[in-house]
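Every number here is computed from the coordinates shown, using simple stated rules; none is lab data. Note that the structure is a prediction, hence the values are computed from the model and not measured. Counting neighbours? That spans all protein chains shown, and the Cβs are built from the backbone with ideal geometry, glycine included.
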Amino acid sequence: MAVAVAAREPLKAAIAQVRGPAASTAPSTSRNPPSPAVPPTASPRPSPTAPQPAAPGSTGRDAPRVTVAPLTDAEQGAGSAAPARPAPAAETPPAATERVASVPRPPSRKARLFFTAVDAAGGIELRSVIRSIPASDSPLKDTLESLLKGPTAQELNLGLVSMIPTEARLRGVVVKDDTAVIDFNEGFRFNSQGLDAMNAELRQVVYAATEFPSVRRVLIHIEGQSVQYLGTEGMRLDQPLTRDSFGKQS
């Protein structure tokens, strides 16, 4: 037993010489803590809908080109064509008001017409208005035609009325020397509103006609003929009338 122990010591020394100092060092029981694994940073993926531009100096192999070929006639007929372009809008013709504005208006002139106003006591007063009427070669005829049309809406609002019957029509006008021969139809002769209305009816005509410097007197004819009276008891019509025939008037 003692011989075995004595022989073991020289054997350990021989083994230590063969292995060297590293072999004789006992492995350390402490372990270094493992470093945490860091996953590689993921690079952002390019958008699948938009091709990425090639870097400067690149040959373009990494990003393939996309070529869009034009559609064939067959593909267009199959409904795969792009929507048709809308037809150009038609040009809008100029407004009617613009066309009317470009047409020169016919010349007009001012005419003085005479209507009547009835006061609270029933008296009839003569009132004059200035109206614009078309100008022509027959100014007296145009004035009388406008008089027979009666007051306008604005003139009615001012309380003006006409004593000339609505059935009255002008048949013709002739001026001889200083006398205007005015021919009316039968509707002018009879006035259902009474004697005062008949006198006012004649005053409206005589005053409108004598507004012209060339006319001083007015002779009334009915249906082309001279008659003695207006109605059955009105003023005499077989002689010319002037403004003085009615006495003092307003």
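Structural remarks
- Over the range 108-243, equivalent-ellipsoid semi-axes from the Cα gyration tensor in Å: 21, 20, 13
- Computed FRET value (nearest 0.05) for Val129 with Ser192, which takes r as the C-beta separation and R₀ as 22 Å: 0.35
- Full extension of the chain between Gln154 and Glu223 gives 21.6 nm of extra length, using 0.36 nm per residue less the Cα-Cα distance.
- Cα centre as origin, Lys/Arg/Asp/Glu Cβ charges: the range 108-243 dipole, Debye: 380
- Ascending count of other beta-carbon atoms within 10 Å, so fewest first, for Thr116, Thr143: Thr143, Thr116
- The local environment of Ser132, defined by Cβ-Cβ distances under 10 Å, has a net charge of +3 under the rule Lys, Arg +1 and Asp, Glu -1.
- Paramagnetic reach from Ser214 (point 7 Å along Cα→Cβ, amide N under 15 Å) across the range 124-141: 136-141
- When Rg and the Kirkwood Rh are both derived from Cα coordinates, the Rg/Rh ratio for the range 115-159 amounts to 1.06.
- Note on Glu167 and Asn185: the extension gain reaches 5.6 nm, defined as 0.36 nm multiplied by sequence separation minus the Cα-Cα distance.
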